[in-house]
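J.: Got a structure here, written out as structure tokens. Questions coming.
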Amino acid sequence: MRFLKRLTRRFPATFRRGKLHSQLVMICAFGNIFLNILYGVYIGRFSFRRKKFVFSKGVAIYGLCVATLFALFYIWNIYHEISTSQINLRDTIGIYCYMNVGICLFNYVTQWEKSLKLIRFQNSIPLFKVLDSLDISAIIVWRAFMYSLLKMLFCPLIAYITLILYQRRLHPEYHWTSLRTAKTMLPLIVSNQINNCFFGGLVIANLVVAALNRKLHGTVKEANVLQSPSQMNLHKPYYRMRRFCELADLLDELAEKYAVTAECSKRFLRFTDWSMVLSLLMNLLGITMGCYNQYLAIADHYINEEPFDLFQAIVLLVFLAVPFLELVMVARISNQTLMETRRTGELLQRFDLQHADARFKQVVNAFWLKVVTIDYKLMPLGLLELNTSLVNKVFSSVTGSLLILIQSDLTLRFSLK
């Protein structure tokens, strides 16, 4: 806590006056923006003088240089390995790295094209205003923070350690700090940066909607109690009318914050949808290829009596499990946010409006209309909805593809004999 407060003192006083969860979100947001600029996928910056995001020519030139060097370096490496026949289709990690190079190059082009729209979108979000108006438990905030760290920091760290073990097994002469390891790991990190931004946005949206639902739940209980026979006999009509007006004002605020949160998270998906779909496709191909290569190694061992490296097989399985774990985490947080938005509609249906004030009835109906109109769904490019069923679809696709490949391989092996 003390470290967080000391760190936030470096930011303007406007931000330091916020609550703890606002300060934590601010640090994470600026950290993500810094990484976007560092990797060259974002060509804007935050102007503390103007207190908004602006386009920066210096950052744009830097991003162009980073993207150019990245493209030249990896395209030359791919060309060199193809021309010298060094690319091995059994090298799962190498092929997976080159697939992510393609995603990175695509992200550079698409993100630059969307940068001005993204800057306008960032300036239109009243993020800290909404967060400061909510009371969120510190425990819930830290759980969300650790969940984000697991996706953005620990998953790449696990992949990096696994990659070091894999390359030390193949090339014992390489040091763990060798450039070869960094060269393989960099495309995986850069290609996942855009998805990490969307993941962080969903974590914040889930916190906000959950906090709104807690307030709404208390409002439902109080409004229904005010209409009970005992309370109607106890309080005078003027008191009940005044209290219903206060609850109506509170519902107006909750409805506005709900609409802003739901619409902003759906709009933010438009800036990351292509990256998410391509990453999903590359992970699907990478996991399928990796599992098939593992099968080939096992089949060669039992059928052709070739040596089998169990340690390398375990290392490769761990490496393949990391992108699948990231997919599970994205599906889980998306499903949680979807469930919270549905719970908002369920809570609104629990209001007893039989003896409620006329204005209160109008506000409840207007809130319900917003929930129904927004129809909260996260569907990148309108192809797949981000929820828990996505994991089952990916698992089914991988399993089905593996069955076809394995059957074809076994048929070919035994036909030759």
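The values are calculated or read from the model by the stated rules, or taken from the named source; none is laboratory data. What you see is a predicted model, and the numbers here were worked out from it, not measured in a lab. Please note: Cβ atoms are built from the backbone with ideal geometry, for glycine as well, and neighbour counts cover all protein chains shown. SASA here: full protein model, heavy atoms, side chains in, ligands and nucleic acids out. Shrake-Rupley method; radii C 1.70, N 1.55, O 1.52, S 1.80 Å.
J.: Can you pull out every residue in the stretch 338-376 that is of a type in the set (Asp, Glu) and over 17 Å from LEU226 (Cα atoms)?
T.: Correct list: GLU340, GLU346, ASP375.
J.: Is it the case that some residue within the stretch 141-149 is surrounded by 14 or more Cβ atoms within 10 Å (Cβ to Cβ) and among the aliphatic types (A, V, I, L, M)?
T.: Yes.
J.: For the stretch 50-77, give me each residue that is exposed (fewer than 12 other Cβ atoms within 10 Å of the Cβ) and modelled with pLDDT of 85 or more.
T.: LYS57, GLY58, ILE61, CYS65, LEU69, LEU72, TRP76
J.: Would you call ILE87 in contact (Cβ under 8 Å) with a residue 24 or more places away in the chain and either within 30 Å of ALA321 (Cβ to Cβ) or open to solvent by 60 Å² or more (accessible area, probe 1.4 Å) (or both)?
T.: Details: in contact (Cβ under 8 Å) with a residue 24 or more places away in the chain: no; either within 30 Å of ALA321 (Cβ to Cβ) or open to solvent by 60 Å² or more (accessible area, probe 1.4 Å) (or both): yes.
No; evaluated as a whole, the condition is false for this residue.
J.: Looking at GLU306, GLU326, which is the one that is in contact with an Asp or Glu (Cβ under 6 Å, 6 or more places away or on another chain) and open to solvent by 20 Å² or more (accessible area, probe 1.4 Å)?
T.: After ruling out the rest, the residue left standing is GLU306.
J.: From VAL208, VAL190, grab the single residue that is touching a Ser or Thr at 6+ places or on another chain (Cβ under 8 Å) and assigned to a helix (DSSP H, G or I).
T.: Going through VAL208, VAL190 in turn, the sole match is VAL208.
J.: Any idea which residue in the stretch 33-49 is farthest from TYR108 (Cα to Cα), counting only those that are open to solvent by 80 Å² or more (accessible area, probe 1.4 Å) and either over 22 Å from the mean Cα position of the chain (by Cα) or without any contact (Cβ under 8 Å) to a residue 12 or more places away in the chain (or both)?
T.: ARG49
J.: Moving on to the next point. Would you kindly identify the helices (runs of 4 or more DSSP H) lying entirely within the stretch 86-149 that contain at least 3 residues that are of a type outside the set (A, V, I, L, M, F, W, C) and more than 26 Å from ARG267 (Cα to Cα)?
T.: Correct list: 92-124.
J.: A follow-up question, please. Conditions first: (1) of a type in the set (Val, Ile, Thr); (2) more than 28 Å from PHE145 (Cα to Cα); (3) surrounded by 15 or more Cβ atoms within 10 Å (Cβ to Cβ). THR341 passes all but one, so which condition is the exception?
T.: Unmet for THR341, out of (1) of a type in the set (Val, Ile, Thr); (2) more than 28 Å from PHE145 (Cα to Cα); (3) surrounded by 15 or more Cβ atoms within 10 Å (Cβ to Cβ): (2).
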